[in-house]
Every structure is written in C-alpha cells, then in structure tokens.
C-alpha cells in the first residue's frame, strides 16, 4: 500500500471533460463518485467506514488493526496514536458520511502517479462538485475513500478512511483524523487573511496563510478541489525566495555564526498557529547549549522578518543532527525580543 502523504505535482486542466475521461481510461485509472457507483458498493463503503469509526470511538485499535490490509497492519503505530489522541473528539460523536468515491486501478503493475478525476471537469479545470486524488505507487485494485463529518465534538473534525477491496470485504488502508478549523477559523478565513497580508505587502505571511488555507480545505492531503486549485494559483507567485523550500536551504547570520535553515512551515498547536523553523546542527546532546542556539535562531529570524509577529502566536526552532535526532524550543511571540 502506498504512502498517501504525497506532495502534489500541480495539475492544470485546459481541455474538455471528454478528453480528460479518455485520458484517464488510457492510464487505467478511473474514479466513480457517489452518483456513478452502484447502490450495493456505495452502501458497503459507507457501512464499512462507520463500522471502523465505531471501533476507533471505542478505542479498539486492535480491532482496527485486524481489519486493515497487511502493509498497514505491519506498521500500525501511527493509527494507534491517532485513535488514542482523539478519544475526546470521538466520544459521543455522530459520524455522518459524505458521498464516497470509488477509485479503480486496472494495470499489471503499480502506477507511479495515479491521478483520479472525480465528477465533472470543465475547460478551466475543476468545478464546484469535482475532486482530484493524486496517489503515488498505487497497486492495481479497487479503493474507496469515505469521509465522515463528526458532530458533538470539540471543534470541527473529519475522519477519513481509505479502504481497499479484498474479496467481498473493504479493509482499512489509510486512517486520517483532521481538524477543519484552527482557533475557530476555517479555510476561507485563512484565505481571506492571506489576501489581507498580501495587500499590506506581507507576502511571506500571505504565503504561509495560503498554505494553511489549502491544508484546512480538504480532509486528506492527497485530495484537491476547485478551492485548493484556486488557492494554489493565487499563492504560487508569492513563494518566498528568501526562505527555505524543497531542498533549498537559507543561511541566517546570528551572534557571529551562520545557521543553515532547512525548512519553515506553519503548525497548529491547539488554538495557536506557530511557525516552525528547522536548522542543521552537528550535535544536540548538550541541551542547554542547543536551547540557547534555538533562542538565537528564533530572535534572529524575527529580527530579519518582523512581519511574522502579525501572523503567528509563537516560533519553534528545532536543531537537527545529521542522524535526524533533533531538539526543539518554543518561544511565544510576546517573549521574543
């Protein structure tokens, strides 16, 4: 089973829905939305997802594991952690399924990049009711995607299942729990704030808020909609050249040293939105020394880009050894001098 946490290769559509459909058929990848699939299949997908959610709501990770495909069951710790961490959200919640999707791969080998176009696409790409799924290294088979909206929980949440058909059964191949809001704010709010930052010339803040809006707009990271495509188009010209991205690093001078920043991204922590910055470090074993270096990096970053004070509640610096071991420190924004 592939890792569904893929990064997107941007898709742009400028042809008719008919040509798109023929293209997908040639690539042996087909999507059926709820209106296209037969009633027994739709019912089986929804029933299976609700049954698996009931297991998660009871905290019965063992039962979920027994009903998972082999590759997920062999590395199940992430699902177990998600089930445990979300018991307060699951308890007493009613799970209402959205119309499911059925993805079919007819091929003799896994598809390096399986792309499923679901619903009606137009000359300009996605429409209000369409969706796109992009999944790497997907083996031949039938897959269902069922998204459940939870009611009576703290905040707004979705639980999504990727199901793989094995004989008459639909087994769990992926499990995602997602907050739909941060501090009571949804994707539209973050998109509006991004545009406001852009209007003030704070393009770095705008870029990060567009990223957060796109992340909140979909329940799984390999799904794209008309909204996420629009946000992508709006934000791409704002990508900061003076911040690290992909494999590009940035040097930050502070206290007579050069710190090599490897990545910067926003992260929701409770109701706060923090900025995470990672940098290379030869050794983090001396935690007192590393804490001071983290503090130095945070202060230098905010001194260089003071606009971040308007957008984030705090900054987390993580020093990362070549082995991948790291040590992080958080400074609330009001404490950064």
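The values are calculated or read from the model by the stated rules, or taken from the named source; none is laboratory data. Just so you know, these numbers come straight off a predicted model, no measurement behind them. When we count neighbours, we look across all protein chains shown, and the Cβ atoms used for this are built from the backbone with ideal geometry, even at glycine.
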Tell me which of these residue 141 doesn't satisfy, since it passes every other one: (1) in contact with a helix residue (DSSP H, G or I) (Cβ under 9 Å, 6 or more places away or on another chain); (2) more than 17 Å from residue 176 (Cα to Cα); (3) without any contact (Cβ under 8 Å) to a residue 60 or more places away in the chain. (1)
Against the condition modelled with pLDDT of 95 or more, in contact with a strand residue (DSSP E or B) (Cβ under 8 Å, 6 or more places away or on another chain) and assigned to a helix (DSSP H, G or I), how does residue 212 come out, does it pass? yes
Within region 164-181, which residues are assigned to a strand (DSSP E or B) and closer than 16 Å to residue 86 by Cβ? 172, 174, 175, 176, 177, 178, 179
Kindly check whether there is at least one residue in region 73-94 that is within 30 Å of residue 130 (Cβ to Cβ), modelled with pLDDT of 95 or more, in the same structural domain as residue 169 (by TED's automatic domain parsing) and part of a loop (DSSP other than H, G, I, E, B). no
Select, from 193, 200, 188, the only residue that is within 26 Å of residue 156 (Cα to Cα) and surrounded by fewer than 18 Cβ atoms within 10 Å (Cβ to Cβ). 188
Only one residue in 246, 242, 233, 251 is touching a helix residue (DSSP H, G or I) at 6+ places or on another chain (Cβ under 9 Å), without any contact (Cβ under 8 Å) to a residue 60 or more places away in the chain and either at negative phi or surrounded by fewer than 17 Cβ atoms within 10 Å (Cβ to Cβ) (or both). Which one? 242
